[in-house]
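One structure is given here, and the rest of the page talks about it.
What follows draws every value from the coordinates through simple rules; no lab data is involved. Remember, predicted model here, so these are calculated numbers, not experimental data. Because the Cβ atoms are built from the backbone with ideal geometry, glycine has one as well, and the counts that use them run over all protein chains shown.
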Amino acid sequence: MVKQNLDERGRIYTLAQAEMYPKEAGRMLWQQLVTHPWWMADTAYRTAIVHGIAHPAPRELGRVA
């Protein structure tokens with residue numbers, strides 16, 4: 001559970017960093033994917049890699065409380 005939480009935080013941090021530096025976003029995302037290949041299963045990460053960080057995330061990514 002803790003390891004999963006840390007992994008999710010890592011993905012969120014990487015996506016936030018990519019948004020802050022859009023010119024280097026592709027390189028940063030691919031670099032992280034090399035060491036964390038299971039991140040490709042995350043829809044938000046996959047969308048950012050394929051469509052770019054500026055592309056809006058799909059609606060189904062929104063979490064319902």
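Data for the structure
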{"item": "FRET efficiency for ARG9 and MET40, using Cβ-Cβ distance with R0 set to 30 Å, rounded to 0.05", "result": "0.95"}
{"item": "Longest to shortest principal axis, alpha-carbon extents of segment 2-53, angstrom", "result": "32, 18, 17"}
{"item": "Cα→Cβ-extended label distance, 7 Å offset, between HIS51 and TYR21, nm", "result": "2.5 nm"}
